[in-house]
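Written out below as structure tokens is the structure these notes cover.
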Amino acid sequence: MNIDQYRREILLFSLVGLAIVAIVAFFGQAYTLRMLAEAACYAILALGLTLQWGYAGLFNAGGMGFVAIGGFITMVVAFPVNDAFWGSEGAKALGFFLIEVAVIVLAVVGLTQIHRIGIRGKLKAVCVMVGLAAAFLFFNNELAPVAKLIETESGFIGGLGLPVLLGWILGGLAAAFVAYWIGKACLGLRADYLAIATLGIAEIIKAILKNADWLTRGTLTVSPLPWPVPTPNDIGFVAARSAYLALTAIMVAVIFVLLQRAYRAPWGRMMRAIRDNEVSAAAMGKDINLRRLQIFVLGSGLIGFGGAALISFARIFDPSGFTPLKHTFLVWVMVLVGGAGNNLGAIFGAVAVYIIWLMGEPVALLLFESVRELGSLWFDWEAPADLMTRALQARVFFVGLTITLALRFVPRGLIPERLNKIS
Amino acid sequence: MLIKASNIVAGYGGEPVLNGIDLSIDSGQIGVIVGPNGAGKSTALKSVFGLIQLTQGTVSLAGDDVTHVPPDQRVSLGISYVPQEMNIFPSLTVRENLEMGAFIRNDDFSSVIDNMYDLFPPLKQKATAVAGQLSGGQRQMVAIARALMIGPRLLLLDEPTVGLSPAFVYEIIERIKAIAARGVGVLIVEQNARRALEIADIGFVLAAGKNLYTDSGENLLNDPEVAKSFLGG
Amino acid sequence: MNELIFFVNKVLISGTIIGCIYALGAIGVTLVFGILRFANFSHADMMTVGAYIAFIFASLMPGAGALIGLPTGFVVLPLAIICLAAFAIVVDRLFYRPLRERKVRPVMLLVASLGVTLMLHGLVRLFAGTSPRSFFQDEKKDVFRFDVPFELASRDIVISEPQVLLIITSIVCIFALHWFLTHTKLGKAMRAMSDNADLALVSGINTEKIVRATWIIAGSLAAVAGTLLSLDVVLKPDLSFNLLLPIFAAAIVGGIGRPYGAIAGGLLVGFSETLAIFNWSILLRPSAEFLPEWIDIPARMAFVPTEYKIIVPFVILIAVLIWRPTGIFKGQVL
């Protein structure tokens, strides 16, 4: 840590500050507050990811999935109770179905114990497989009519009407729970496998949320999601968004402080040792996988929590709105550009990249509008009708380009990890 | 001198493992590097092949300085290296392993392969077998034969007899003598110092990254100091 | 009998088709994984790009197919292969080789491949838009119907011309690859490097040359798979992630660095998918008359609803990672 690095950090943060001032001037307060509140939520996501990637070298390519879990749980916990559902036949059918599921689960668990009555080895494996397949078939076919009943009677099951913050915490816990099982399967193997598995689980979670209309209203979306602070309807945009920003900023600060403390503690040093030199750290024995699992679960929990905050802010739960681009790779760019393994870098990256991402939209539109103008003026070019949607899609290209350029030219990020050697 | 490494200082980042060692052998000679665990024997061999960066010292092959030549180009200059572990291509057949040894050759090398079959008769029967399924001794033969395919001037062997049954140890040692008799310089790292020094023209006893003794194998075996410290009395 | 023909059409033919696509993709992934040591996330997007290149060629020379009586998209395939192979090498030069030269951990290459996949994503959407396109705008898609010589069977076994071409081309590709890997110096060196990269270097094998060959093969197979898939269904820009997971599953099931394993894995994943979404009650229906009255066969009895198809490769993937991470063909443990 030297003066140069301090100067650099001050310079970078001042640049961000200037950008924010300029945006207030051009787009107004309400817009800027929205941007900052969302950036604060993204900062939580980036802290979660930098914990996994920067501290432990774990490759999580499924941010979207954990964001979606967080958002979904918050929706269920905090959305007002749907009385039409609780009084309907569908509620009874669902209750009955859940009892059936419990029985099936017990039966399958029993089936895995049949070695006690003398059925072992291959025969047992076959029995368990057949049992699982049958249970799965049964589950599918029992669920379908219940879901249909709920959808026709009352739309969807609705929420529980509990506090939003409880929803965020439960959302984080649910994401951590899913991460635990993924981690258990993949963490003994190379980073690549975890990347593939997380990518897969994210797509599966999205597919389920998108198609389970009885649970999430699917493509019909659920809105308005409640806020933990007064909403714009009550006190106006600027005040409400300020309150939301204050809340999320406090959370970022708390998470930052806790992570910094962990980073300096022996636990953090050990994590870096594992990341940097797996072979010599392996001398510590089996512990490695357990440590990695801890980090992975914790990081995913943070992503779920931040995702919950992000989705709540949007006030709409739309399963089709979860995209790998916005909820996985944008966060990756934030971490890589900010500097993996540095919490301050993650927060800086989140704010800076999110500003660029939002500003990219008008810039791209402007750019393509002029391309269209010039093209038709000079070459008689007839632009395709969907040019403007394409222009927005083209931002993907720049996200990808930023990743590759960052890897090549600033491999340690703009605010690199501080290597205070303790040896 | 065929190969001459002088005053080599090298390591893997951090404390150097080698603190200025000298090694040199001539064509047709067998040089043996012995010493206790952690003395830097394997590191010395790797530094001769260029697998690790030297912080100091030079390596020359037949008078030409090769200190900064990367390992894959040292192969073209006639140096072959057999690592201690993972020294075959397990999913390739024996014959394919030999062909890979000859990757840099663009001539017809089928006679060289026949030569290897003569040197290691078991390989002829196993020519189409997958190398990963051979016995330990046969794998070691594949590894050495692979390294010989370029017709090297210098052969570097890292613990070629480790983990082999006594019959195979004898077999491999006999082959190494035959290879040297063809005029190839052979530099071996050995755990079993006594047996290795028996065939050594020159022995290098290393300890803590430095040359402790350098003499003919016979003299080292008869030196009471060496015998006491390194040959188990 | 009709039910059986339905099964043949829906499971055997569909499973083979999708299995071939997965296999062709998985070979590329497994070769890159084995030799460059990273899971190439951009592979599925390379397939998409290959298909679009073929589409551009096809629209540049309409009627080229009619001359030989094959779909134009298929006739221009060699051109698309050449372009995509060259493209793969350019991508390597620009984005992977600089990192390799810096000797970064292989997982950094994986991050770079994510960047590449997003760029390809954006490029395709920018230049081609998001709406699906068809190779058969001006051509007729031939469909072959085979009458089954049984009295009870009134339905035909149906297979389309692109599907036949896909199966034949896959078989040709696989045999050509086998010949290349076992009979040429370069092919053997590829296997050698995949087996033991350090020893390959020590043996004086020119690793950059091998890397180039790997990209050429992976790119070519991606062009074949992408083009043939879009000939069979439609050409759309968002194939990528839905295709990526089954391809990875196939490569891992087969064992990393094992091209033959990738073929087996591809077919396994393809058939598992079609079997899982197949409505089994159709096969059970004829037995209804022999069953007691109180058992009625539900109208739909599939293991997985079609919308959740992506669960199948995921479950296979996780199962393999837990029980046998080296895959059925004993690939590398990385």
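The values are calculated or read from the model by the stated rules, or taken from the named source; none is laboratory data. As the structure is a computational prediction, the values presented were derived from the model and not from experiment. With ideal geometry, Cβ positions are generated from the backbone for all residues, glycine too; neighbour counts draw on all protein chains shown. For the accessible areas, the whole protein counts, side chains as well, though only heavy atoms, and no ligand, DNA or RNA atoms are used. Shrake-Rupley method; radii C 1.70, N 1.55, O 1.52, S 1.80 Å.
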Extent of the range C:1-137 along each principal axis, from alpha carbon coordinates, in Å, largest to smallest?
60, 40, 27
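First check a/c for the range A:123-207, with a ≥ b ≥ c the square roots of the eigenvalues of its C-alpha gyration tensor; if it is under 1.5, answer rounded, and if not, answer prolate when a/b is larger than b/c or oblate otherwise.
Numbers: a/c = 2.40, a/b = 1.13, b/c = 2.13.
The shape class here is oblate.
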Apply the Karplus parameterisation 6.51 cos²θ - 1.76 cosθ + 1.60, with θ equal to phi minus 60°, to every residue of the range C:264-277 and state each ³J(HN,Hα) to the nearest whole Hz, in sequence, with x for glycine and proline.
4, x, x, 5, 4, 5, x, 5, 4, 4, 5, 5, 6, 9
For the protein assembly as shown, what is the percent of antiparallel DSSP beta bridges, rounded to the nearest 5?
60 percent
Nothing charged except the Cβ atoms of Lys and Arg (+1) and of Asp and Glu (-1): what's the magnitude of the dipole of chain C about its Cα centre? Round to the nearest 20 debye.
1500 debye
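When a/c is below 1.5 the answer is rounded, else prolate if a/b is larger than b/c, else oblate, so apply that to the range A:1-51 with a ≥ b ≥ c taken from the square roots of the Cα gyration tensor eigenvalues. Could the numbers behind the result be given before it?
Values: a/c = 5.33, a/b = 1.29, b/c = 4.12.
Since a/c reaches 1.5 but b/c is at least a/b, the shape of the range A:1-51 is classed as oblate.
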Taking a probe of 1.4 Å and counting only protein heavy atoms, give the total accessible area buried between chains A and C in Å², rounded to the nearest 100.
4500 Å²
When the accessible area of each residue in the range C:126-149 is compared between its chain alone and the complete protein assembly (1.4 Å probe; ligands, DNA and RNA ignored), which residues differ by at least 20 Å², being lower in the assembly?
C:L126, C:G129, C:T130
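With only alpha-carbon atoms in the gyration tensor, what are the semi-axes of the equivalent ellipsoid for the range C:143-210, in Å, largest first? Don't skip to the answer; put the middle values down first.
Details: eigenvalues 437, 22, 15 Å².
After scaling each eigenvalue by five and taking roots: 47, 11, 9 Å.
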Please report the orientation-averaged projected area of the range B:153-230, defined via the convex hull of its C-alpha atoms, in nm².
5.5 nm²
When the Cα atoms of the range A:83-155 are enclosed in a convex hull and the volume is divided per residue, what value in Å³ results?
65 Å³
What are the extents of the Cα atoms of the range C:200-334 along their three principal axes, listed from largest to smallest and rounded to whole Å?
75, 37, 21
Ellipsoid equivalent to chain C - semi-axes via the Cα gyration tensor, in Å
36, 25, 18
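In deg cm²/dmol, rounded to 500, what helix-only [θ] at 222 nm does the protein assembly as shown give when every DSSP H run of at least 4 residues adds -39500 (n - 2.57) and the total is split over its residues?
Working: 44 runs with 618 residues, N = 990.
-20000 deg cm²/dmol, from helical runs alone.
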Report ³J(HN,Hα) in whole Hz for each residue of the range C:166-174, in order, from the Karplus equation J = 6.51 cos²θ - 1.76 cosθ + 1.60 where θ = phi - 60°; Gly and Pro get x.
4, 5, 4, 4, 4, 4, 4, 4, 5
Lysines within cross-link reach of B:K228: Cα-Cα under 21 Å, excluding same-chain residues under 8 positions apart?
B:K41, B:K210
Please list the radius of gyration and Dmax for the range C:178-274, considering alpha-carbon atoms only, with Å as the unit.
15.5, 47
Counting residues in the range B:63-196 as N, plug N into 2.2 N^0.38 Å and put the Cα Rg over that result.
1.01
For all pairs of alpha-carbon atoms in the range B:80-151, what percent lies in each bin of width 5 Å, listed from the first bin to the last filled one?
3, 20, 34, 26, 14, 3, 0
Interchain or sequence-distant (5+) residues whose placed amide H lies within less than 5 Å of the amide H of B:G203 are B:V32, B:D215, B:S216, B:G217
Would you mind estimating how fast chain A diffuses translationally, via Stokes-Einstein at 10 °C and 1.306 mPa s with the Kirkwood radius over Cα pairs, in µm²/s?
67 µm²/s
When you look at the Cβ of every residue in C:90-98, what mean number of other chain Cβ atoms sits within 10 Å?
2
May I ask for the Kirkwood hydrodynamic radius of the protein assembly as shown, worked out over all distinct Cα pairs and given in angstroms to one decimal?
32.0 Å
Taking the convex hull of the alpha carbon atoms in the range A:285-423, what volume per residue do you get, in Å³?
165 Å³
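First compute the accessible area of the range B:93-233 with a 1.4 Å probe, then give the percent of it belonging to carbon and sulfur atoms. Present the calculation step by step, with values, prior to reporting the outcome.
Numbers: 2910 of 6010 Å².
About 48 percent, which is the carbon plus sulfur part of the accessible surface.
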Using label points projected 7 Å from each Cα along Cα→Cβ, tell me how many nm separate B:A208 and C:K141, to one decimal.
7.8 nm
Using a basic spin-label model with each label point 7 Å from the Cα along Cα→Cβ, how many nm lie between A:E373 and A:D234?
4.6 nm
Under the Karplus relation with 6.51, -1.76 and 1.60 and θ = phi - 60°, whole-Hz ³J(HN,Hα) for the range C:19-30, x at Gly and Pro, equal x, 5, 4, 4, 4, 4, x, 5, 4, x, 5, 5
Which residue, chosen from A:L387, A:G17, A:G349, occupies the Cα position most advanced towards the positive end of the dipole of chain A, where the dipole is computed from +1 (Lys, Arg) and -1 (Asp, Glu) charges on Cβ about the Cα centre?
A:G349
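Would you work out if the range A:1-140 is rounded, prolate or oblate? Take a ≥ b ≥ c from the square roots of the eigenvalues of the alpha-carbon gyration tensor; rounded if a/c is under 1.5, else prolate when a/b is larger than b/c, oblate otherwise. It would help to have the intermediate numbers written out before the result.
Working: a/c = 5.45, a/b = 1.87, b/c = 2.91.
Here the range A:1-140 falls in the oblate category.
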At A:A107 and C:M61, where each label point lies 7 Å from the Cα along Cα→Cβ, what is the point-to-point distance in nanometres?
6.1 nm
Using all alpha carbons of the range B:110-185, what is the percent of pairwise distances in each 5 Å bin, ordered from the shortest bin to the longest?
3, 15, 29, 27, 19, 6, 1
Quick one: P(r) of chain B from all Cα-Cα pairs, 5 Å bins, percents rounded to integers, in order of increasing distance.
1, 7, 15, 19, 20, 17, 12, 7, 3, 0, 0
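Taking all protein chains as present, what is the carbon and sulfur share of the accessible area of chain C, in % to the nearest whole number, probe 1.4 Å? Kindly include the intermediate steps, with their values, before the conclusion.
Details: 9170 of 13550 Å².
Heavy-atom surface of chain C belonging to carbon and sulfur, 1.4 Å probe: 68 percent.
How large is the Rg to Rh ratio of the range A:121-163 when both quantities use alpha carbon positions and Rh follows Kirkwood?
Values: Rg = 17.2 Å, Rh = 13.0 Å.
My calculation puts Rg/Rh at 1.32.
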Mean Cβ count within 10 Å, highest first, over the residues of peptides C:119-126, A:7-14, C:36-43
C:36-43, C:119-126, A:7-14
Neighbouring partner chain Cβ atoms per residue of C:28-38, average, 10 Å criterion
1
Amide H partners (placed H, <5 Å) of B:K210, local residues excluded
B:N19
Please compute one quarter of the surface area of the Cα convex hull for the range C:249-324 and express it in square nanometres.
6.5 nm²
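Chain B: longest stretch without exposed trypsin sites (Lys or Arg not before Pro) (DSSP loop, at most 16 other Cβ within 10 Å), sites themselves excluded? Please report the intermediate quantities before stating the final value.
Working: sites that count: B:R105, B:R182.
Longest run free of exposed loop sites: B:1-104.
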